[in-house]
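Visitor: My questions all concern the structure below.
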Amino acid sequence: MLFFPLAPYPKIAIPHLMHLIRYKKDLRIRDHHPLTDALSRSQKTKQPCAALYIREPSVMSHGDFSAFHHYWIQESLIDLSKNLATRNIPLLIRYGEVIDILTHINNTIPITSLHAHEETGNGLTFARDTAVIRRTKHHTIPFQETPTNGVVRRLRSRDERASIWDQRIVKTHIISPPSAQLSQWDFFSSPQRQRLQNSAHQSMTSFTPVSKPAPWIYPHDIPGETAWLQALEHFLREKGRQYSFSLSSPSASVTGSSRLSAYLTYGNISQKQLYQWLIARMAQLKSYVGTDLPPEKEKRLTQWRRSLRACASRVHWRCHFVQKLESRPAIEFRNQNPWFDHIRQEINHTYIDRRYHGQTGIPLVDAGMRCLHATGWINFRMRAMLTSFICNTCLQPWQAIAHLLARLFVDYEPGIHYSQLQMQAGTTGINTIRIYNPLKQQADKDPDGIFIRQWVPEWESASYPEPMLDIAQANRHARDLLWTVNRQEMTRNEAKNVYIKVGSRKKNTRNKKKATTDSNGGLFEGLEGV
């Protein structure tokens with residue numbers, strides 16, 4: 001039984017060499033440089049192209065991988081295979097480690113060039129990609145890696161990032177999807193191709209399709225590039241109007257947010273596409289202003305542009321946080337500012353387990369965690385509050401909850417995940433320490449208890465547990481402890497080094513005295529937890 005049904009491909013023959021496109025977290029055909037580059041070489045050399053996706057056991061068994069991620073990738077690959085098939089490009093889906101798979105393919109049908117996007121992932125995928133570079137050099141296979149967003153590999157200075165981002169995302173045109181290749185060869189007549197096809201089939205027989213996770217209850221959470229185009233159209237033409245007004249509400253954000261972050265995570269869309277289309281829609285709406293519209297309608301247009309501008313800003317900030325992991329990979333494992341290392345050394349498994357299962361006795365915390373388990377998504381403010389609660393109020397190390405949260409976020413992006421964990425835990429030294437009070441957040445963001453009652457039906461009944469700790473007392477203790485460390489000269493000196501390496505260069509107009517404070521502290525995961 002195959003992993004999932006692949007789209008049928010026209011019969012073309014593959015001669016002794018081929019150009020190979022290695023897909024990773026870039027599951028699309030639009031605005032895809034490696035695909036375009038490989039097709040260009042194919043036309044020049046008269047050698048065919050093939051696309052490859054490798055399901056890696058090491059990645060799939062890693063602590064940050066879950067059925068949410070598996071399902072999104074699976075459905076995206078089905079969509080991708082169909083889109084590639086219409087262009088006569090076969091998609092090979094293999095199970096195994098990357099070096100073994102590439103070696104086998106190269107021994108079967110020699111690879112004349114390899115094309116892929118750069119990826120800022122976890123430490124495991126970084127080591128894997130480094131090994132691929134070494135192996136292709138050893139076998140003298142031309143390997144072309146292309147940036148996939150505004151994140152800069154081997155960035156010399158943080159001061160350069162803004163101009164590079166602007167050049168890549170704003171000033172570079174979106175690449176159109178490739179046109180269909182001519183069927184010049186009989187696909188199944190080549191013995192090399194037949195052996196490769198048989199091997200691919202055999203490697204998949206022990207795997208069955210991943211079922212759609214039961215809680216996937218929202219109709220717009222459909223993986224793949226095709227679904228993304230429909231979701232974006234809906235956001236630009238209708239839903240986006242209320243975007244900035246619903247972000248903070250845990251219930252309103254479910255339908256008011258863009259919900260595009262997972263599409264960015266798995267590369268169903270490029271950041272360039274989303275940013276440029278947001279800007280184009282804003283310009284279109286602006287053109288309507290002043291054209292004898294009723295004041296009320298003109299006001300709505302202004303509000304709509306404001307919402308789209310807020311979304312575009314988060315696309316920009318997304319790269320800022322991912323760049324932190326690219327520039328300092330160690331933040332996946334260690335505090336950015338080591339002077340915080342001596343606190344949070346003891347793990348309280350009771351605190352961690354009760355928060356994870358939504359049994360803390362604190363309504364908004366429990367509702368947020370249960371929603372996350374059920375849907376794979378909550379908005380940015382809830383993500384920040386849940387992290388601050390366990391890391392600050394409960395004084396637990398962010399490392400102890402990093403994988404637990406990663407597995408629950410459908411839109412898990414390592415660069416944003418680890419940057420924001422440390423920001424909310426207050427271990428960077430360059431960010432304001434944020435310690436949320438879940439009871440105040442409940443009064444502010446869910447005053448009628450709509451969100452809480454949806455996910456904690458036993459709330460206010462005798463069966464609901466007592467709070468597992470005194471929030472006010474715990475927050476005072478955490479605040480005194482963290483600020484004592486934060487104000488020390490050694491901490492501030494190290495914070496300057498952190499800022500030089502990864503700090504935002506955007507001026508904080510709200511408080512110019514805090515020159516080393518990152519703006520937009522509410523951003524968390526994907527765009528904003530969309």
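Visitor: Within the stretch 271-290, what residues put their amide N at less than 20 Å from the label point 7 Å along the Cα-to-Cβ vector of Lys297?
Guide: 281-290
Visitor: If you plug each phi of the stretch 38-47 into the Karplus form 6.51 cos²θ - 1.76 cosθ + 1.60 with θ = phi - 60°, what whole-Hz ³J(HN,Hα) values come out, in order, with x for Gly and Pro?
Guide: Once θ is set to phi - 60°, the couplings for the stretch 38-47 become 5, 5, 5, 5, 4, 5, 6, 8, 6, 10 Hz.
Visitor: If you don't mind, another one. At 0.36 nm per residue, minus the direct Cα-Cα distance, what do Arg487 and Leu229 gain on full extension? Give it in nm, one decimal, please. Write out the running numbers ahead of the final one.
Guide: On the way: separation 258, 0.36 × 258 = 92.88 nm, distance 4.82 nm.
Using 0.36 nm per residue and subtracting the Cα-Cα distance, I get 88.1 nm.
Visitor: What accessible area per residue, rounded to a whole number of Å², is obtained for the stretch 44-160 using a probe radius of 1.4 Å? Show your work: numbers first, answer last.
Guide: Working: 4620 Å² over 117 residues.
With all protein chains present, the stretch 44-160 gives 40 Å² per residue.
Visitor: Here's something else I'd like to know. Per residue of the stretch 360-375, what does 6.51 cos²θ - 1.76 cosθ + 1.60 with θ = phi - 60° give for ³J(HN,Hα)? Whole Hz please, x for Gly and Pro, Karplus curve as stated.
Guide: Per residue, the Karplus-derived 3J(HN,Hα) values read 7, x, 10, x, 5, 4, 5, 5, x, 5, 5, 4, 5, 4, 7, 10 Hz.
Visitor: Please give me, ordered by residue number, the GluC sites (Glu not before Pro) of the stretch 426-493 that lie in loop per DSSP and have at most 15 other Cβ atoms within 10 Å.
Guide: Filter output for the stretch 426-493: Glu458, Glu460.
Visitor: Which of the GluC sites (Glu not before Pro) found in the stretch 287-337 are loop residues per DSSP with 13 or fewer other Cβ atoms within 10 Å of their Cβ? Mind dumping the intermediate values first?
Guide: Working: sites: Glu296, Glu298, Glu326, Glu332; in loops: none.
Here no loop site has a sparse enough neighbourhood.
Visitor: Which far-off residues, 5 or more places away or on another chain, put their amide H under 5 Å from the one on Tyr95, with H placed in the peptide plane?
Guide: Excluding prolines and chain starts, which carry no amide H, the hits are Arg55.
Visitor: List the trypsin sites (Lys or Arg not before Pro) in the stretch 429-504 that DSSP assigns to loop (not H, G, I, E or B) and whose Cβ has at most 14 other Cβ atoms within 10 Å. Which are they?
Guide: Filter output for the stretch 429-504: Arg487.
Visitor: Express the carbon and sulfur contribution to the solvent-accessible surface of the stretch 303-366 as a percent, rounded to the nearest whole number, probe 1.4 angstrom. Before the final figure, lay out each step's value.
Guide: Numbers: 1270 of 2610 Å².
Here it works out to 49 percent.
Visitor: Something else about it: Kindly report the accessible area of the stretch 244-373 per residue (heavy atoms of protein chains, probe 1.4 Å, no ligands, DNA or RNA), in Å².
Guide: Numbers: 5130 Å² over 130 residues.
Heavy-atom accessible area per residue stands at 39 Å².
Visitor: Please list 3J(HN,Hα) in residue order for the stretch 396-409, calculated via the Karplus relation 6.51 cos²θ - 1.76 cosθ + 1.60 where θ = phi - 60°; whole Hz, with x for glycine and proline.
Guide: 9, x, 4, 4, 6, 10, 4, 6, 4, 6, 4, 5, 8, 7
Visitor: Measure off, as a whole percent, the carbon and sulfur share of the 1.4 Å-probe accessible area of the stretch 62-151, all protein chains present.
Guide: On the way: 1770 of 3210 Å².
For the stretch 62-151, the apolar C and S fraction of the accessible surface comes to 55 percent.
The values are calculated or read from the model by the stated rules, or taken from the named source; none is laboratory data. Because the structure is predicted, anything quoted here is derived from the model rather than measured. Positions of Cβ are backbone-derived with ideal geometry, glycine not excepted, and every protein chain shown enters the neighbour counts. What goes into the accessible areas is simple: the full protein's heavy atoms, side chains included, and nothing from ligands, DNA or RNA. Shrake-Rupley method; radii C 1.70, N 1.55, O 1.52, S 1.80 Å.
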